[in-house]
Amino acid sequence: MNGFRAMGTAVVLTDGAPLDAVHALFDERDRRFSRFIPSSELNRVNACPLGATVVSEELASMLSLSLDAARVTAGLVTPAVGDALIAAGYDRDFSLLPRSGVTRQPAAVASLDTLVLRGRMLLRTEPVVLDLNGVVKGKTVDDALDLLGDGWVSAGGDIATSVPLVVGLPAGGAVTLDRGGLATSSVSRRRWGDGQHHLIDPATGAPSASPWRDVSVAAATCVGADVAAKAALLLGAAGPSWLDRRGLAGRFVDHAGEVTVNHTWEQAAPAAIAA
């Protein structure tokens, strides 16, 4: 296997592709943006969750992308979920979390109006603990593909490719992705305590009670697919039509393992899905 582990997942590249530059990219992003590395810049920023803070160009760029994602999803995929994730028990690396016997209380998710980013200056008008996991992995997959120039990159099944690639899907089956990104958002992979998981519903401040277990989306980029998959899962029954209105192909698996696809996926899947 041409790959390595980073960000708590397996990263796999095109056979023969050089690993060093991609590995260094994933490690640098993890050291900067992880909530579970005490010395990360994100943790330094979160140590003072209120008021004005000067951040690095790299953090400003990733936060700007995260804020854009929040706007296009009407706040569903938001960087303001840090407190809610901690309240749900996701306060350490997933491998260290208890698998049962822990019940948590929800925490309010701050409005986007409390976050203002101007260049490298971040202003929080209310206490907000940031979490950028809504965009970091997908953006890093896209940037890794740019480093390769051609081929494909997969991180935990979230993929960016410039060549036709057969991709396995949750609950069985596969699809050929001609190019672009494909990402799956799931509430089955990272679970702990009594039904807790990492996808927070901003309306409740608690892990989502969506009817969907897995949502896979194809888009022009991996980060775009990842953001759309998270939003579609959080939207529940409205997820398929939300993707259709945006021309995005989506495949949904419910908690019983039954598969539903939206119209865009249905039209694209007999041929290859091309973003």
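The values are calculated or read from the model by the stated rules, or taken from the named source; none is laboratory data. The structure presented is a predicted model; accordingly, all values stated were derived computationally and were not measured. Heads up, the Cβs are rebuilt from the backbone with ideal geometry, glycines too, and the neighbour counts pull from every protein chain shown. Just so you know, the surface numbers come from the protein's heavy atoms only, side chains and all, with ligands and any DNA or RNA stripped out. Shrake-Rupley method; radii C 1.70, N 1.55, O 1.52, S 1.80 Å.
Points to keep in mind about this one:
- A search for C-beta distances below 6 Å between a residue of the stretch 132-145 that is more than 17 Å from Leu115 (Cβ to Cβ) and part of a helix (DSSP H, G or I) and any residue that is open to solvent by 10 Å² or more (accessible area, probe 1.4 Å) and modelled with pLDDT under 95, counting only pairs 6+ apart in sequence or on different chains, returns Lys137/Met7.
- Unique residue being aliphatic (A, V, I, L, M), modelled with pLDDT under 90 and more than 19 Å from Leu42 (Cβ to Cβ) when the list is Val166, Val175, Val102: Val102
- Close contacts from the stretch 214-243, counting a first residue that is assigned to a helix (DSSP H, G or I) and a second that is surrounded by fewer than 24 Cβ atoms within 10 Å (Cβ to Cβ) and hydroxyl-bearing (Ser, Thr, Tyr), with Cβ to Cβ under 6 Å and a gap of 6+ residues or different chains, come to Ala231/Thr73; Leu233/Ser210; Leu234/Ser208; Gly236/Ser210.
- The set of residues in the stretch 45-85 that are over 21 Å from Val223 (Cα atoms) and charged (D, E, K, R) contains only Asp83.
- Among the residues making up the stretch 155-183, none is outside any loop (DSSP other than H, G, I, E, B), polar (S, T, N, Q), free of Cβ contacts under 8 Å to residues at least 60 places away in the same chain and surrounded by fewer than 23 Cβ atoms within 10 Å (Cβ to Cβ).
- Among the residues making up the stretch 214-246, a single one is under 17 Å from the mean Cα position of the chain (by Cα), among the charged types (D, E, K, R) and surrounded by fewer than 24 Cβ atoms within 10 Å (Cβ to Cβ): Asp214.
- Counting the residues of the stretch 64-93 that are in a helix (DSSP H, G or I), closer than 15 Å to Thr114 by Cα and touching a residue at least 12 places away in the same chain (Cβ under 8 Å) gives 10.
- Note on the stretch 122-154: residues that are β-branched (Val, Ile, Thr) and open to solvent by 10 Å² or more (accessible area, probe 1.4 Å) amount to 2.
- The number of residues in the stretch 180-213 being more than 17 Å from the chain's Cα centre (by Cα) and at pLDDT 95 or above comes to 1.
- Considering the stretch 257-275, and only residues there that are over 18 Å from Arg179 (Cβ atoms) and modelled with pLDDT of 95 or more, the residue that is surrounded by the most Cβ atoms within 10 Å (Cβ to Cβ) turns out to be Asn262.
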